[in-house]
1. Can you tell me which residue in the stretch 122-144 is modelled with the lowest pLDDT, limited to those that are assigned to a loop (DSSP other than H, G, I, E, B) and surrounded by fewer than 13 Cβ atoms within 10 Å (Cβ to Cβ)?
2. Among the numbered criteria (1) in contact (Cβ under 8 Å) with a residue 60 or more places away in the chain; (2) open to solvent by 40 Å² or more (accessible area, probe 1.4 Å); (3) under 15 Å from residue 56 (Cβ atoms), which single criterion is violated by residue 109?
3. Can you go through 115, 135 and tell me which one is more than 27 Å from residue 101 (Cα to Cα) and of a type in the set (A, V, I, L, M, F, W, C)?
4. Those residues that are on the phi < 0 side of the Ramachandran plot and free of Cβ contacts under 8 Å to residues at least 24 places away in the same chain, I need them from the stretch 132-152; list them, please.
5. Would you mind telling me which numbered condition in (1) of a type outside the set (S, T, N, Q); (2) open to solvent by less than 20 Å² (accessible area, probe 1.4 Å); (3) part of a loop (DSSP other than H, G, I, E, B) residue 119 fails?
Amino acid sequence: MTSQSLTTPPGTRTGYDWTARIRCVVAEVGTNVRVHLFLGPIPEPPAGLMTSPNYVGTFYTYYDKTFYSIAEKRRGKPVQGFVNLSWDLVKHGGFQTLEPENAVPYLKSNLTWCVQKLPPRGERVDLHDMPSLEVMVLEVPLTLSPGESMPDIGPPKEHPDITRGKEGGAK
């Protein structure tokens with residue numbers, strides 16, 4: 001948190017938190033999956049996805065075939081989860097601050113993802129088989145007022161421009 005605007009009291013600091021929101025319909029592949037996020041290239045098998053230096057985090061789904069009725073499967077109820085990107089933006093991007101003018105172009109060029117079925121199979125899912133997958137980046141403004149120990153959290157702002165045009169990106 002570094003910048004100061006003319007509309008905030010002296011000593012107020014603002015910053016940004018960056019998060020990926022992941023939505024998908026797990027019934028499309030019929031089993032639980034992991035959606036892995038990277039800042040940089042996705043490692044090729046047999047390299048470990050979660051041990052890659054580009055690895056950021058994973059969203060795990062929960063899908064119980066016996067719990068959902070056939071009608072619910074046809075409706076395709078989506079699940080949603082989040083992976084924080086801020087620490088990895090600092091680590092991989094080398095930024096001192098996470099201002100949008102730094103984070104947006106970096107994420108647009110470097111944010112990648114893949115979907116993997118859970119073990120014991122563990123094979124990757126072709127993203128064509130999961131058309132509902134949507135990775136959306138959210139910017140959350142943080143404002144730390146003088147004398148406060150925790151920042152105020154502003155409303156999240158979607159950045160569809162970061163992932164639009166990539167398979168599984170913003171719709």
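The values are calculated or read from the model by the stated rules, or taken from the named source; none is laboratory data. From a predicted model like this one, the values you see are computed outputs, not experimental measurements. Neighbour counts run over all protein chains shown; Cβ positions are idealised from the backbone, glycine included. To get the accessible areas, we keep the full protein, side chains included, count just its heavy atoms, and leave off ligands, DNA and RNA. Shrake-Rupley method; radii C 1.70, N 1.55, O 1.52, S 1.80 Å.
1. Within the stretch 122-144, the match that is modelled with the lowest pLDDT is 122.
2. With (1) in contact (Cβ under 8 Å) with a residue 60 or more places away in the chain; (2) open to solvent by 40 Å² or more (accessible area, probe 1.4 Å); (3) under 15 Å from residue 56 (Cβ atoms) applied to residue 109, the lone miss is (1).
3. Every option except 115 fails the conditions.
4. Residues satisfying the conditions are 148, 149, 150, 152.
5. It is condition (2) that residue 119 fails.
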